[in-house]
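Some notes on the structure that comes next.
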Amino acid sequence: PRPSSRPRVLLKAPTLQEMEEMNIFEEEDSP
Amino acid sequence: RPVNIPRREKDFQGMLEYKKEDELKLVKNLILELKPRGVAVNLIPGLPAYILFMCLRHADYVNDDQRVRSLLTCTINSIKKILKKRGDDFETVSFWLSNTCRFLHCLKQYSGDDQFMKHNSTKQNDHCLSNFDLAEYRQVLSDLAIQIYQQLIKCMENILQPMIVSGMLEHETIQGVSGVKPTGLRKRTSSIADEGTYTLESILRQLSAFHSIMCQHGTDPELIKQVVKQQFYIIGAVTLNNLLLRKDMCSWSKGMQIRYNVSQLEEWLREKNLMNCGAKETLEPLIQAAQLLQVKKKTDEDAEAICSMCKALSTAQIVKVLNLYTPLNEFEERVSVTFIRTIQTRLRDRMESPQLLMDTKMIYPVTFPFNPSSLALETIQIPTSLNLNFLTRV
């Protein structure tokens with residue numbers, strides 16, 4: 001069991017589309 | 001050989017530590033450059049998903065929300081990227097569908113949410129995420145899994161489509177039934193040379209190949225069932241549509257051949273223990289069309305029998321088959337106009353769409369039922385072939 005009863009923090013997630021827009025492969029993808 | 005210095009398994013907590021700057025290297029080696037047909041063949045099913053989850057657990061353990069977000073975004077984008085690049089390769093798509101689902105199952109199983117912990121061991125409960133609730137990310141992963149599923153169906157359809165008409169309708173395996181061609185019909189010339197013609201056997205072999213790849217990737221059994229149901233729907237819809245457009249396919253003997261082919265498909269389902277996945281039911285319109293080719297079509301009683309038998313066919317489809325029906329020999333007759341009118345009158349109150357052809361692009365909605373794993377994270381070792389020696393077992 002978890003050491004404390006502290007609630008977990010909800011991480012807000014971007015949508016799939018928004019994720020794609022933060023292009024992590026920018027350098028690799030650019031011509 | 002494990003990457004790390006051997007330690008007793010009980011000392012591990014089922015996490016993988018990595019440096020922030022190694023994150024891109026992690027997804028590059030584990031997602032972008034992993035060949036499902038090469039190194040991945042010998043991996044335990046779902047290993048990439050477990051590795052990614054164990055890295056995520058460590059980011060959660062050190063309470064670094066930026067790291068958790070970044071790893072999840074990087075993982076999802078890498079999976080999308082590899083599918084953009086190799087989306088026409090069934091093995092790649094199947095591999096990432098099963099791993100995406102496994103990753104999603106891990107996020108649920110170790111979420112700390114009671115509804116997903118029922119089958120966990122005590123140790124697995126100890127391994128639940130400590131700091132973050134990733135419910136929103138689970139939704140994003142589920143959306144991604146739906147996209148991958150649809151891609152898998154398209155991919156499978158591209159392979160299967162060219163085989164269907166030839167294997168289900170044109171190729172004749174029952175000897176002596178239709179040696180005589182219907183009068184006035186010439187053999188339809190096929191664009192495929194005879195030696196390249198697909199048979200029912202080719203279709204069955206292809207279905208087995210798809211099935212074996214998905215099993216090898218550890219795809220959830222419930223998901224395999226949905227893929228198979230969709231495959232059978234496509235086979236049934238494409239076959240029926242072609243039958244409805246070709247006079248040379250509307251004869252008593254073609255009805256016989258289709259029924260034989262359907263029985264072989266059912267036999268395949270039985271062999272794979274997939275009789276309860278709803279696949280057979282998707283063939284019902286085709287089965288009824290084949291029966292319609294074979295029953296008597298003369299008296300009022302025949303009309304009544306046809307109307308109660310062909311519940312999965314629309315009036316337009318029934319009438320079309322009757323109009324196209326072509327006798328093979330002097331013992332048979334064309335279907336009379338009066339008989340067709342009788343059928344139309346009997347069916348006029350049916351509430352149905354007037355559409356003649358089936359929608360071959362229709363995809364059944366997919367679901368990913370939760371499928372927890374009994375695998376103990378602390379026992380997972382990383383094969384050196386994955387080039388992940390920058391990860392440390394914790």
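Just so it is clear, none of the values below were taken in a lab; they were calculated from the coordinates. Here the structure is a predicted model, which means the values were calculated and not measured. Reconstructed Cβ throughout: ideal geometry from the backbone, glycine too, with neighbour counts over all protein chains shown.
Add -39500 (n - 2.57) for each DSSP H run of 4 or more in the protein assembly as shown, then divide by its residues: what number comes out at 222 nm, to the nearest 500 deg cm²/dmol?
Working: 16 runs with 215 residues, N = 425.
That calculation yields -16000 deg cm²/dmol at 222 nm.
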> In units of 2.2 N^0.38 Å, what is the alpha-carbon radius of gyration of the range B:336-394?
Replying inline: 2.84
> Given the options B:Glu330, B:Glu201, B:Glu284, which has the most mean-square fluctuation in a GNM of chain B, springs set between C-alpha atoms less than 10 angstrom apart?
Replying inline: B:Glu330
> Given A:Lys12/B:Lys80; A:Lys12/B:Lys361; B:Lys28/B:Lys85; A:Lys12/B:Lys123; B:Lys84/B:Lys108, which pairs have Cα atoms separated by over 25 Å?
Replying inline: A:Lys12/B:Lys361; A:Lys12/B:Lys123; B:Lys84/B:Lys108
> Using just the C-alpha positions of chain B as equal point scatterers, what log10 of I(q)/I(0) does the Debye formula give at each q in 0.12 1/Å?
Replying inline: -0.91
>> At 0.692 mPa s and 37 °C, plugging the Kirkwood radius over alpha-carbon pairs of the protein assembly as shown into Stokes-Einstein gives what diffusion coefficient in µm²/s?
In response: 133 µm²/s
>> I need the per residue convex hull volume for the range B:288-394, using only the alpha carbons, in cubic angstrom as a whole number.
In response: 246 Å³
>> Loop only by DSSP, 14 or fewer other Cβ within 10 Å of the Cβ. Give me the trypsin sites (Lys or Arg not before Pro) in the range B:270-337 that pass, ordered by residue number.
In response: B:Lys296, B:Lys298, B:Lys311, B:Arg334
> If you keep only loop residues by DSSP, which trypsin sites (Lys or Arg not before Pro) in the range B:53-160 have at most 13 other Cβ atoms within 10 Å of their Cβ?
Replying inline: B:Lys118
